[in-house]
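A short write-up of the structure that comes next.
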Amino acid sequence: MIKLTVGNKNYSSWSMRPWVLLKQANIDFEEVVVRFDAFTPDSRFKTTLRGLSPTGKVPVLQDGDLVVWDTLAIAEYVAERFPECELWPHDVAARARARSICAEMHSGFSALRSACPMNIEARLPEVGALIWRDNAGVRADVTRLTEMWRDALRTHGGPLLFGNFSVADAYFAPVCSRLVTYALPLAEDVAAYVQQVCALPGVRAWIDAACDEHDFLDFEEPYRLHR
């Protein structure tokens with residue numbers, strides 16, 4: 001059976017992507033959670049991952065002797081390992097488009113990721129309002145997300161980016177979570193897509209587990225004034 005090592009569900013956006021992908025596709029896997037304590041070389045987190053992943057980060061997928069440690073590489077491997085799940089669009093052009101937007105998320109949207117760290121159990125509209133007012137980079141990232149999602153939804157007819165659930169929806173699930181946590185302004189159609197993603201059983205399962213953790217880490221929440 002595939003084994004997936006992840007971090008805290010409340011905070012680990014990178015872990016959320018492959019976990020949701022496997023869960024929503026009904027692929028059996030063993031979950032291993034390595035709690036965030038610190039990211040120094042001698043931390044328990046780094047010590048636990050030493051020898052498993054060359055980067056010392058989560059997520060990590062193991063399938064027998066094979067270890068895959070990059071989120072996008074994990075998604076590609078899972079799609080190839082379970083072709084019957086059709087995790088990429090069947091059409092060649094749509095598949096290229098889906099890979100392009102996943103790669104853009106993988107390497108971009110730094111302003112949104114930096115200013116709005118994932119924190120699923122929190123509701124921080126007051127923080128989001130200040131970020132939206134003061135951070136032009138976040139506004140630009142949300143504009144780009146809106147363009148990207150609208151194009152895919154219009155082209156493929158929804159309700160998800162490429163019609164049916166795909167790697168792309170799993171990849172943007174943590175972004176949807178951020179948009180909810182910080183209550184960033186969204187157009188009606190974009191907000192509807194966010195709600196659609198958050199209602200997926202695989203995403204809902206991650207969200208519920210994140211809310212049940214009750215594991216507050218102050219270094220993950222420098223912006224938060226109260227709980």
Rounded to one decimal in nm, the spacing of the 7 Å Cα→Cβ label points at Ala199 and Cys211 is 1.6
Sites matching trypsin sites (Lys or Arg not before Pro) across the stretch 1-77 that sit in DSSP coil, with at most 16 neighbouring C-beta atoms within 10 Å:
Arg35, Arg50
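Could you work out the percent of alpha carbon pairs in the stretch 107-220 separated by over 20 Å, rounded to a whole number?
That fraction is 41 percent.
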Along its principal axes, what span do the Cα atoms of the chain show, with the longest given first and each in whole Å?
47, 44, 27
Going residue by residue through the stretch 111-122, the Karplus relation 6.51 cos²θ - 1.76 cosθ + 1.60 with θ = phi - 60° gives ³J(HN,Hα) values, rounded to whole Hz and with x marking Gly or Pro, of 5, 5, 5, 6, 7, 10, x, 5, 7, 5, 6, 8
Can you list the HN-Hα couplings for the stretch 12-24, worked out from phi with the Karplus curve (6.51, -1.76, 1.60; θ = phi - 60°), rounded to whole Hz and with x for Gly and Pro?
8, 5, 5, 5, 4, 4, x, 4, 4, 4, 5, 5, 5
Sequence of Ile27, Ile2 once ranked by neighbouring C-beta atoms within 10 Å, starting from the fewest
Ile27, Ile2
Enumerate the amide H contacts of Gly7 below 5 Å, restricted to partners 5 or more residues apart or on another chain; note that Pro and chain-start residues carry no placed amide H.
Ser15, Val34
Sites Asp37 and Arg154, calculated FRET efficiency, Cβ-Cβ separation with R0 35 Å, nearest 0.05
0.20
Segment Ala96-Arg50, length gained on full extension (0.36 nm per residue, minus Cα span):
13.1 nm
Lys/Arg Cβ at +1, Asp/Glu Cβ at -1, dipole of the chain taken about the Cα centre: which of Cys85, Ser110, Pro201 is farthest positive-ward?
Ser110
Using all Cα-Cα distances in the stretch 2-85, what percent lands in each 5 angstrom bin from 0 up to the longest?
3, 15, 28, 26, 15, 8, 3, 1, 0
Just report the Cα centroid separation between the stretch 140-208 and the stretch 24-40, whole Å.
22
Whole-Hz ³J(HN,Hα) for each residue in the stretch 71-79, computed from phi via Karplus 6.51 cos²θ - 1.76 cosθ + 1.60 with θ = phi - 60°, x for glycine and proline: what do you get?
4, 5, 5, 4, 4, 5, 5, 4, 4
Just to be sure I understand: with springs between alpha-carbon atoms less than 10 Å apart, which residue in Arg99, Arg154, Arg178 has the highest mean-square fluctuation in the Gaussian network model of the chain?
Arg154
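Each reported figure results from applying straightforward, stated rules to the coordinates on display, with no laboratory input. This structure is a prediction, so every number in the text was calculated from the model and none was measured. For neighbour counting, all protein chains shown are included, and Cβ atoms are generated from backbone atoms with ideal geometry for every residue, glycine included.
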